[in-house]
Structures are given as C-alpha cells and as structure tokens.
Amino acid sequence: MVFDKIKKAFSSSISGEDSGEEYIEIDLGKEEKQNKVLVKLFALKQYEEVNEILNSLREGYTIAVIDIKLLRQKDSIELKRAISKIKKTTDALEGSIAGFGENIVIVTPSFAKIHKEPAKTKETKSRFDDY
C-alpha cells in the first residue's frame, strides 16, 4: 500500500505529469552570515576559562587578546596548561599565537597571521655598534 504511493509519486515526476503540488522558491541570498572579524578581550583568571576562549576561536572569526597576568601570579603551572591547550587548538585551526610582553597573548584564526620579527643576535648588534 505505502509502496504503491511512493511508486506513483516517483513515476508521475519522471513522466512529467503534474501532481498538483506547489513549489516554493527559496532566496538563499537572505541567509547571508555576517563574516565580520571580532576582536575579543579575555582575562584568564583560572584554567577553566580556557574553554570560553577556545569556543570563540572555533567560531572562526575571532581574534582573542588574552590577559594572563592574574593566572600567572596565581599559578604558573595552570598557566602553562592553559597556554598549551590554546596553542594546540590554534595549531589545529591553522591560526597564529604570539605573546606580547609578559602579560598579553594574542591568538588569530587562519586568515590572519601575526608578524613576528626575528630576534637580533649579539653578533649582528655588535657589528653595527662599531660604526
């Protein structure tokens, strides 16, 4: 019985018969997602707050500026765990991570890269000091 209804529905659509059903046209342009970059500030006070940062990064359009000063003063081991977890997620998302000073870490998604200048060596520095 059910099979006959399914067979009739498919055979009428193949043979070109009008089954009397109406079709709705969908405008896909209305469902455009805003792809704006969001720079979000975080204060990492305890290890558990890492998940909030990671969820924001996984959305794909968030640049995270993380203040690690409080966790650094409180527990350096927890800070290392948190930074390690953030770094692993950033690597998986093909993003960039960099520290600025002692208290700030910036994490970007894959479409943004952080420019890191190579450290100057003592040899290069002393060579120019002679002039």
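Which of the GluC sites (Glu not before Pro) found in the range 52-90 are in a DSSP loop and have at most 14 neighbouring Cβ atoms, other than their own, within 10 Å?
59
In the structure shown, do any of 45/88; 69/113; 36/88; 87/113 have a Cα-Cα gap over 18 Å, and if so which?
Violating the 18 Å Cα-Cα cut-off are 45/88; 69/113; 36/88.
Between residue 93 and residues 5 or more places away or on another chain, which pairs have amide H atoms under 5 Å apart, with H built 1.01 Å from N, and which residues are they?
Here the answer is none, since no amide H 5 or more places off falls under 5 Å of that of residue 93.
On average over all directions, what projected area in square nanometres does the range 34-111 have, based on the convex hull of its Cα atoms?
Directional mean of the projected Cα hull area for the range 34-111 stands at 4.6 nm².
Counting Lys +1, Arg +1, Asp -1, Glu -1, what net charge surrounds residue 48 among other residues with beta carbon under 14 Å of its beta carbon?
Counting the neighbours of residue 48, the net charge comes to 0.
Every read-out reported here was derived from the displayed coordinates using simple, explicitly stated rules and does not represent laboratory data. Nothing here was measured: the structure is a model prediction, and the numbers come from that model. FYI the Cβ positions are ideal-geometry reconstructions off the backbone, even for glycines, and counts take in every protein chain you see.
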